[in-house]
Amino acid sequence: VPTEIFEDSKKASKHVAKEIADLIRQRNKNDKNTVLGLATGSTPTKVYDELVRLHKEEGLSFKNVITFNLDEYYPMEPDSLQSYVRFMKEHLFDHIDIPDEQVHIPDGTVEEDKVTEYCKLYEQQIRDAGGIDIQLLGIGRTGHIGFNEPGSRPDSRTRLITLDRITRKDAASDFFGEEYVPRRAITMGVGTILDARRVIMMAWGEGKAPVIQEAIEGPIRESVPATYLQNHTDATVILDDASSAELT
Ligand code: F6R
């Protein structure tokens, strides 16, 4: 996978935000939509900060942008402190001019017997929008992309999954204790992610260095789902110095 290493996450995030902004501007000029796949967590926040800045200071408009988030805990109320709906509003949507109906985040309140049907609808909505132009990704210490934990198949689609123990540990502080982290989540599948025309995976900090080495240099395998990106024709990994430390 092509890899670009930056001095720090701020510089790297500005670079990513610029690529997104350039596409949006080009599409806006031709009155066309831009479809973005978005991630939550600590990794993309500086990209969102920069997109908000570009909106406020440089007139970047999101009126023609359609977004699909990767995942949401299940069950999860949208107004909960830890919901990804709330996260996205706080970090991005409340600060830009994107129309509400163009924002999609997996619904953590769908009744259990309707989840399969709901996930099919989410896939349909992505197709109806014309597919994802740019998909942003972080990477979990388990090697997950979205919440596609080890064992996820390359052709998996949006579905209800069980979170890995390590992922729940990493989320424990957000939930004030591991026992309060939901056991499940709805996530786009690996296949859904790989369908995006362009994929940008980011990772910062030394804690991610071992999994980044596996993801980029290791054999493609189910036990590290991020390795599936090696099969994508237009994926780039964006790193800071610390997360790139174990690359050979
Ligand atoms: C979030 C997501 C996850 C995170 C990953 C890294 O929507 O899909 O794959 O990107 O767990 O999380 P952070 O960025 O908090 O290290």
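Laboratory data are not the source of any read-out in this text; all were calculated from the coordinates shown. In this text the structure is predicted, and so the values were computed from the model without any measurement. In this analysis, Cβ positions are derived from the backbone assuming ideal geometry, glycine residues included, and neighbour counts consider all displayed protein chains.
In nm, to one decimal, how far is the Ser173 label point from the Ala242 one, both placed 7 Å along Cα→Cβ?
Going from the Ser173 label point to the Ala242 one covers 1.1 nm.
Once the other residues with Cβ under 14 Å from the Cβ of Asp133 are scored (Lys, Arg +1; Asp, Glu -1), what is the net sum?
Counting the neighbours of Asp133, the net charge comes to +2.
With θ set to phi - 60° and the Karplus curve 6.51 cos²θ - 1.76 cosθ + 1.60, what are the ³J(HN,Hα) couplings of segment 179-186 in order, to the nearest whole Hz, using x for Gly and Pro?
Karplus values, whole Hz, x for Gly and Pro: 5, 9, 6, x, 7, 10, 7, 9.
What size of dipole, in debye to the nearest 20, comes out for the chain about its Cα centre when the only charges are +1 on Lys and Arg C-beta atoms and -1 on Asp and Glu C-beta atoms? The partial results should precede the final answer.
Working: 30 positive and 43 negative charges, 92 e Å.
Here the size comes out at about 440 debye.
Using a Förster distance of 22 Å, how high is the FRET efficiency between Glu90 and Lys18, based on the Cβ-Cβ distance and rounded to 0.05? Show your work: numbers first, answer last.
On the way: r = 23 Å, r/R0 = 1.03.
Approximately 0.45, to the nearest 0.05.
Can you work out the Karplus-derived ³J(HN,Hα) for every residue in segment 226-233? Use 6.51 cos²θ - 1.76 cosθ + 1.60 with θ = phi - 60°, whole Hz, and x for glycine or proline.
Coupling constants for segment 226-233: 4, 5, 4, 5, 4, 8, 7, 7 Hz.
Let me have the 222 nm mean residue ellipticity of the chain computed from DSSP H runs of 4+ only, each contributing -39500 (n - 2.57), with the sum over all residues rounded to the nearest 500. Mind dumping the intermediate values first?
Values: 7 runs with 78 residues, N = 248.
Helix-only estimate at 222 nm: -9500 deg cm²/dmol.
Calculate how many DSSP beta bridges within segment 3-242 are antiparallel, expressed in % of all such bridges and rounded to the nearest 5. Spell out each step's value before the answer.
On the way: 10 of 32 bridges.
Percent antiparallel among DSSP bridges in segment 3-242 is about 30.
How are the C-alpha pair distances of the chain spread across 5 Å bins, as whole percents from the shortest bin up?
Pair shares across the bins are 1, 6, 14, 19, 20, 19, 13, 6, 2, 0.
Can you tell me the length gained on complete extension of the stretch Arg157 to Thr3, counting 0.36 nm per residue apart and subtracting the Cα distance?
Length gained, Arg157 through Thr3: 52.8 nm.
Quick one: net charge around His15, please, counting Lys, Arg +1 and Asp, Glu -1 for every other residue with C-beta under 15 Å from its C-beta.
Numbers: positive: Lys10, Lys11, Lys14, Lys18, Lys46, Arg53, Arg198; negative: Glu4, Glu7, Asp8, Glu19, Asp22, Asp49, Glu50, Asp240, Asp241.
Computed value for this residue: -2.
Given a cut-off of under 8 Å on Cα pairs at least six residues apart, what relative contact order in percent is computed for segment 3-242?
Values: 460 pairs, mean separation 57.6, N = 240.
24 percent.
For a Förster distance of 30 Å, can you work out the FRET efficiency between the beta-carbons of Leu81 and Arg141, rounded to the nearest 0.05? List each step's numbers first, then the result.
Values: r = 23 Å, r/R0 = 0.76.
Efficiency computed from Cβ-Cβ geometry: 0.85.
What are the residues whose amide H is under 5 Å from the amide H of Asp240, where those residues sit 5 or more places off or on another chain and H is modelled from the backbone?
Phe6, Ala203, Gly205
Once phi is turned into θ = phi - 60°, what whole-Hz ³J(HN,Hα) does the Karplus curve with 6.51, -1.76 and 1.60 give for every residue of segment 63-73, x standing for Gly and Pro?
3J(HN,Hα) across segment 63-73, in whole Hz: 4, 9, 9, 10, 10, 10, 7, 5, 7, 7, 4.
Test of the criteria: in segment 1-92, which trypsin sites (Lys or Arg not before Pro) are in a DSSP loop and have at most 14 other Cβ atoms within 10 angstrom of their Cβ? Intermediate results must be reported in sequence, preceding the final value.
Working: sites: Lys10, Lys11, Lys14, Lys18, Arg25, Arg27, Lys29, Lys32, Lys46, Arg53, Lys56, Lys63, Arg86, Lys89; in loops: Lys32, Lys63.
Answer by residue number: Lys32, Lys63.
Of Asn28, Met201, Leu70, which is farthest on the positive side of the dipole of the chain, counting Cα position, with +1 on Lys and Arg Cβ, -1 on Asp and Glu Cβ, and the Cα centre as origin?
Highest projection toward the positive end goes to Asn28.
What relative contact order, as a whole-number percentage, does segment 15-118 give when Cα pairs under 8 Å and 6 or more residues apart are counted?
Dividing the mean separation by the residue count of segment 15-118 yields 29 percent.
For the cross-link pairs Lys18/Lys120; Lys18/Lys89; Lys63/Lys169; Lys63/Lys208; Lys14/Lys169, which exceed 27 Å when the distance is taken from alpha carbon to alpha carbon? Display every interim value, and only then the final one.
Details: Lys18/Lys120 32 Å; Lys18/Lys89 21 Å; Lys63/Lys169 38 Å; Lys63/Lys208 35 Å; Lys14/Lys169 30 Å.
Beyond 27 Å: Lys18/Lys120; Lys63/Lys169; Lys63/Lys208; Lys14/Lys169.
Using a Gaussian network model of the chain whose springs link C-alpha atoms within less than 10 Å, name the residue from Gly130, Gly189, Gly177 with the highest mean-square fluctuation.
In this elastic network of the chain, the residue with the biggest mean-square fluctuation among Gly130, Gly189, Gly177 is Gly177.
Looking only at Glu72, Glu214, Glu58, which one moves most when the chain is put into a Gaussian network model with springs between Cα atoms under 10 Å?
Ranking Glu72, Glu214, Glu58 by mean-square fluctuation puts Glu58 first.
Could you list which residues have their amide H under 5 Å from that of His104, counting only those 5 or more apart in sequence or on another chain, with H placed in the peptide plane?
So His104 has HN proximity to Thr67, Phe68, Asn69.
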